[in-house]
């Protein structure tokens, strides 16, 4: 059966606020869900195909799906029509199996166009071909790894509270090792997170790795998570100069006593002074990057400090706060600290957190309220910011002006529009299409929560070979099943929020 389409209207509106309107219909050998236009350098533009078109049904009475073949899209930008735009035609699934065609469409036409399969007008493509096309059009892989397997703190809720884990032999990724596995896949990488569960600033190679990425792959966004104990002047200057986009600071309290009780081995004054100094240097350099996110792990012993913590973060120069529930593990399972066992208390302080965020004009992410009919009568100790206000920014010794990386004024970090995470968002989970997680500097998984390794770099496998290899392919295929992959069971993102079976 041939493929027939008609671009009925392709027009622009406005001048300073240009918009592109495209309307038409398309009839393929099977019902379509989307037209995905491949725009090299810009990304993939997804157009829903679902509008009722009785006029088209009348022309193709033998095709049952012709009546729902219409599409209309209005975009807040100007797109030049072309007589040769490559497009993926995404069909409706059959028995949970994807169906896709690859065709070249003429957007500048003003008459119906007919493409014949046998003449090479369109062709079927499989899932992996589609994925490679999407990543080639716009880099979309998020790479998560730890460049060292050590931490300088022993937080009570962390695996580093275990003595054996804390004292394990250090393993670091050198710059040459990093190049070996990263450079081959870097053209398809959108962003890289240089820490997941360890402290990256303990690595002597941290800044050389950051510089390598910035110099050779400037399209890659960089971020890392730190406890800020080692966020010294050299690091502060380096991450601004090389354009790190996000820095996540792990803080779980507003007061010295609570912070140092939870983050064992930390020094409240050093952490706060380092973050204040980073904010000061950003302001002096005239840059908005790195954006600073503060993580707050909520538990019974610190939730009462959270509203004041919001106020503190606003004064620290933090851009966002990510509140998350503490979860149990083999290393720590103090049920008294789990807020699902104190739902009324959590809900009470959640409301106060949101109010404090509104007053401080700071963005917060916080889990939903917990189900309960109880009310909480707050009788917790009064929280002040006296400890915080007694700390000054760490003093700088280098007066040389920092030259920050220049970002486009409209640059939006973590923007997934047009990437694989966007195109495959209608599957059980898009992570196997758009993410790679490396554990213990060698074990490769599709995400932090998947239970089975899909590759091992110490066995000579390349990251590119693993991601497009058979084991990743099988997991991606399973994302078209309602229940996902077998090893997704117990996922705290797709399943129980607290990760408790």
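Throughout, read-outs are computed from the coordinates displayed, never taken from laboratory work. Please read all numbers here as calculations on a predicted model, not as lab measurements. Ideal geometry is used to build each Cβ from the backbone, glycine not excepted, and the neighbour counts take in all protein chains shown.
Given that just one value was derived from the coordinates, which of [x] 25.8, 78; [y] 26.1, 91; [z] 27.4, 82 is Rg and Dmax of the Cα atoms in Å? Recomputing Rg and Dmax of the Cα atoms in Å here gives the entry labelled [x].
To make sure I understand, if each residue's beta carbon is the centre and we count other beta carbons within 10 Å, what order do 255, 400, 427 fall in, fewest to most?
400, 427, 255
Legend: P(r) of the range 3-125 from all alpha carbon pair distances, 10 Å bins from 0, whole percents, reading 13, 45, 33, 8, 1. Here the range 76-201 carries DSSP beta bridges of which approximately 75% are antiparallel, counting only pairs with both residues inside. Cα axis of helix 206-216 to longest principal axis of the chain: angle in degrees, 0 to 90, nearest 10? Between helix and principal axis, roughly 20 degrees.
For the listed peptides 160-168, 372-380, 99-107, a ranking on the average number of other beta carbons within 10 Å per residue, highest first, reads 99-107, 160-168, 372-380. Per residue, the chain reaches -7000 deg cm²/dmol at 222 nm when only DSSP H runs of four or more residues are counted, each adding -39500 (n - 2.57). Take the alpha carbon atoms of the range 241-280, find their center, do the same for the range 17-93, and report the distance between the two centers in whole angstrom. So the two Cα centres are separated by 49 Å. By DSSP, the beta bridges lying fully in the chain are antiparallel in about 65 percent of cases. The angle between the Cα long axis of helix 268-285 and the longest principal axis of the Cα atoms of the chain comes to about 50 degrees, rounded to the nearest 10. Each of 467, 217, 178 was scored by other Cβ atoms within 10 Å of its Cβ. Arranged with the fewest first, they read 217, 178, 467. Helix 127-137 and the longest principal axis of the Cα set of the chain meet at an angle near 70°.
Work out how much length residue 52 to residue 216 would gain on full extension: take 0.36 nm times their residue separation and subtract the Cα-Cα distance, in nm to one decimal. Each step should come with its number before you reach the end.
Working: separation 164, 0.36 × 164 = 59.04 nm, distance 4.87 nm.
Computed gain between residue 52 and residue 216 is 54.2 nm.
Looking at the range 227-390, what % of its DSSP beta bridges pair antiparallel, to the nearest 5?
Values: 1 of 15 bridges.
Within the range 227-390, antiparallel bridges account for around 5 percent of the total.
As a proxy for reagent exposure, 488, 196 were ordered by neighbouring Cβ count within 10 angstrom, fewest first; the result is 196, 488. Peptides 137-145, 298-306, ordered by how many other C-beta atoms sit within 10 Å of their residues on average, highest first, read 137-145, 298-306.
With each label modelled as a point 7 angstrom along the Cα→C-beta vector, the residue 397-residue 172 pair spans 2.0 nm.
The shape of the range 227-390 comes out prolate: with a ≥ b ≥ c from the C-alpha gyration tensor, a/c is at least 1.5 and a/b beats b/c.
Contact order for the chain, expressed relative to its length and based on alpha carbon pairs under 8 Å spaced 6+ residues apart, stands at 13 percent.
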